[in-house]
Amino acid sequence: MRDGHGSVEDGDGAAAPPDSRPVRVVLVDDHRMFRTGVQAEIGQSGSTGVEVVGEAADVDQAVTVITATRPEVVLLDVHLPGGGGVEVLRRSAALMTDGERPVRFLALSVSDAAEDVIAVIRGGARGYVTKTITGADLVEAIHKVRDGDAVFSPRLAGFVLDAFASTEAPPLDEDLDRLTQREREVLRLIARGYAYKEIAKQLFISVKTVESHVSAVLRKLQLSNRHELTRWATARRLV
């Protein structure tokens, strides 16, 4: 509900943080009625400081809308037609690492399974909340993620801490550490069978730049061709 000053409150009177400009948000969920409900709950920019600039129901739609609108925050469901939230994150990697206009992702899902939480956080999401969250708390989470903070529903934070503190984590790979973040992105796409033109489109770079990155990867890893590179990446479960 709203108080007399136009802030959004939940039943306990917790108000959303004021902000001088609305946070531009894209909603990604395959249930239209849920998107409509979230839009109604958070989309009153005058009182919530949130402006919904796009919606999507599957992976391909999500990537198209996110690329076209360049929102500050994406509310992302984990289970989506076309590969799920992790695939959206993978295909949006270049947008997440944009130093000037980063697109940040907040998972909003009915699932509270540890494997779902860990997968999207490893994929680059800044937080994970469940659909039991109140409207006021969701608005607050959106603002925090826009500002670069990490946000989790209380129980879910433990999954992430346990996962990254696990003694079963893979050891550091000195060969992989020689590569830059962009070279790793190109490596994974090459190993998945993408053509140079497809990689260029995916990462918003030129084909010539892709070729340069591939040459650098081959040189650093002391490999001869993309077939050897694919075998190398597959052996390390990077694909």
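The values are calculated or read from the model by the stated rules, or taken from the named source; none is laboratory data. Source: prediction; values computed, not measured. Cβ placement follows ideal geometry from the backbone for every residue including glycine, while neighbour counts extend to all protein chains displayed. Each accessible area value is taken on the protein alone, full model and side chains, heavy atoms only, with ligands, DNA and RNA left out. Shrake-Rupley method; radii C 1.70, N 1.55, O 1.52, S 1.80 Å.
Which of the residues belonging to the range 62-86 are touching a residue at least 12 places away in the same chain (Cβ under 8 Å) and either open to solvent by 40 Å² or more (accessible area, probe 1.4 Å) or among the hydroxyl-bearing types (S, T, Y) (or both)?
Pass one, the range 62-86, residues touching a residue at least 12 places away in the same chain (Cβ under 8 Å): 62-63, 65-86.
Residues satisfying the conditions are T67, A68, T69, R70, H79, P81, G82, G83, V86.
Within the range 199-226, can you find the residues that are farther than 19 Å from A93 by Cβ and assigned to a loop (DSSP other than H, G, I, E, B)?
Selection gives Q222, L223, S224, N225.
Quick check on this structure: which one of L75, L106 is farther than 28 Å from V186 by Cβ and part of a strand (DSSP E or B)? Reasoning before the result, please.
Details: L106 fails: farther than 28 Å from V186 by Cβ.
The match here is L75.
Taking the condition of being free of Cβ contacts under 8 Å to residues at least 40 places away in the same chain and assigned to a strand (DSSP E or B), how many residues in the range 29-56 meet it?
The qualifying residues number 6.
Select from the range 102-138 the residues that are open to solvent by less than 30 Å² (accessible area, probe 1.4 Å), more than 21 Å from T67 (Cα to Cα) and touching a Phe, Trp or Tyr at 6+ places or on another chain (Cβ under 6 Å) and write down the one among them that is modelled with the highest pLDDT.
Of everything passing the filter in the range 102-138, Y128 is modelled with the highest pLDDT.
Which of the residues belonging to the range 199-221 are within 21 Å of T67 (Cα to Cα) and modelled with pLDDT of 90 or more?
S206, V207, T209, V210
Say we look at the range 82-103 and pick out the residues that are assigned to a helix (DSSP H, G or I) and under 19 Å from A150 (Cβ atoms); which of these is farthest from the chain's Cα centre (by Cα)?
Going residue by residue through the range 82-103, those that are assigned to a helix (DSSP H, G or I) are 84-91, 93-96.
If we keep only those that are under 19 Å from A150 (Cβ atoms) as well, we get 85-86, 88-89, 93, 95-96.
Numbers: G85: 8, V86: 7, V88: 7, L89: 4, A93: 8, L95: 9, M96: 7 Å.
Going through the qualifying residues, I end up with L95.
Considering the range 1-29 alone, what residues qualify as being buried (at least 17 other Cβ atoms within 10 Å of the Cβ) and modelled with pLDDT of 80 or more?
P22, V23, R24, V25, V26, L27, V28, D29
Would you tally the residues in the range 177-198 being open to solvent by 50 Å² or more (accessible area, probe 1.4 Å) and part of a helix (DSSP H, G or I)?
8
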